[in-house]
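Step one of this worksheet: look at the structure below.
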Amino acid sequence: NYPELKGKVAVITGSSKGLGRAIAERYAKEGVHVVLNYRSSEDEMNKVIEGIEAAGGKAVAVKGDVAEEGLAEKMIETAVSEFGKMDIFVNNAGVQVEAKTHEMELDNWKKIIDTNLTGTFLGVRAALKYFVDHEIKGNIINMSSVHEVIPRPGYTHYAASKGGVKMFTKSVALEYAPNKIRVNGIAPGAIDTPINEETMQDPEEKKGLEALIPTHEIGRPEQIAAVAAWLASDESSYVTGATIFADGGLSLYPSFGPENK
Ligand code: NAD
């Protein structure tokens, strides 16, 4: 636990399920007040809020699409009106849709880039504006992926978006280092969330995925939330512009591993 997180206020996009939800629940456990976000699933969102409140935490939600201008500002305004300030901004929302590149519809490409990369830009921009205007040494966390470095056939737009998140995170970290605003990324490997539902429900596919991961374990959302808690805490106070990989070794060129000799 990180006692210094108690009473801080965090905004987390795409937090009705998956990693965003796990981060929200971990932050709430740390005593962080959370402003959550969902696009359509109000019932799911309400359940997350009820769970947090039942455990003694404080949470509110804002409906909206991260690719639309204005959502991030609305979430920050909500943080300020409900909890008095904003300290941590987590750009988590992300999507993936499989397509062969030579057949990829422009709409598909745009949806992925708009959500994963432009959505991150819009969140970062709003958070920076708030931190700079109020001289707050704030904390920004961007959800990347191992596919910021591992190529991903069938999802080339996704890999392009996460490669973009990687360099955007580093560049922003450098630009705002004098303001003591920290900006870091998290690169999960394969984690058991709704985004991987199909794989998790197909025993053959699941086995294949486990075989690919050097530790042979698919990750749990709590393991990513733990990284998000550490990055928000003072324990990581000298870390900025970094991407923390939490991937069971997936980014370590597994084909060179001892089992493939
Ligand atoms: P998920 O599909 O379970 O949850 C994604 C959340 O984002 C959902 O709540 C969804 O409603 C929301 N969302 C999607 N598009 C949105 C939009 N335009 N506006 C607002 N909200 C939107 O996925 P997840 O596994 O929890 O993924 C979260 C993040 O982690 C994504 O950025 C994803 O790329 C990244 N990631 C996940 C994995 C994994 O294995 N699960 C691995 C690497 C990276």
Electrostatic dipole magnitude of the range 3-248 [Cβ: Lys, Arg +1; Asp, Glu -1; Cα centre; debye, to 20] = 680
message = Test of understanding: in a Gaussian network model of the chain with alpha carbons linked when under 10 Å, which of GLY18, GLY94, GLY56 would top the mean-square fluctuation ranking?
response = GLY56
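Treating only the Cβ of Lys, Arg, Asp and Glu as charged (+1, +1, -1, -1), what charge dipole size does the range 107-193 show about its Cα centre? Round to the nearest 20 debye. Each step should come with its number before you reach the end.
On the way: 11 positive and 7 negative charges, 27 e Å.
For the range 107-193, the charge dipole is close to 120 debye.
Determine the per residue accessible area of the chain with all protein chains present and a 1.4 angstrom probe, expressed in square angstrom.
Details: 13280 Å² over 261 residues.
So the chain comes to 51 Å² accessible per residue, rounded to a whole number.
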message = Among ALA226, PRO258, ASN179, whose Cα projects farthest towards the positive end of the dipole of the chain, with charges put on the beta-carbon of Lys, Arg (+1) and Asp, Glu (-1)?
response = ASN179
request  = Quick one: compute the contact order of the chain, relative version, from alpha carbon pairs under 8 angstrom and 6+ residues apart, as a percent.
outcome  = 19
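About the Cα centre of the range 196-261, how large is the charge dipole given +1 on each Lys and Arg Cβ and -1 on each Asp and Glu Cβ? Please answer in debye to the nearest 20. Could you put the intermediate results ahead of the total?
Numbers: 4 positive and 12 negative charges, 52 e Å.
So the dipole magnitude of the range 196-261 works out to roughly 260 debye.
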query = Taking the chain as a Gaussian network, where each spring joins two C-alpha atoms under 10 Å apart, which residue of THR101, THR193, THR240 fluctuates the most?
reply = THR101
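Within the set LYS58/LYS110; LYS74/LYS206; LYS74/LYS137; LYS29/LYS100; LYS47/LYS170; LYS170/LYS206, which residue pairs have Cα atoms separated by over 31 Å? Don't jump to the answer; show the numbers that get you there.
On the way: LYS58/LYS110 35 Å; LYS74/LYS206 39 Å; LYS74/LYS137 21 Å; LYS29/LYS100 42 Å; LYS47/LYS170 35 Å; LYS170/LYS206 33 Å.
The answer is LYS58/LYS110; LYS74/LYS206; LYS29/LYS100; LYS47/LYS170; LYS170/LYS206.
The values are calculated or read from the model by the stated rules, or taken from the named source; none is laboratory data. Bear in mind the structure is a predicted one, so any value in this text is a computation, not a measurement. A quick note on method: Cβ atoms are made from the backbone with ideal geometry, for glycine too, and the neighbour counts reach across all protein chains shown. In case anyone asks, the SASA skips ligands and DNA or RNA and just uses the protein heavy atoms, side chains included. Shrake-Rupley method; radii C 1.70, N 1.55, O 1.52, S 1.80 Å.
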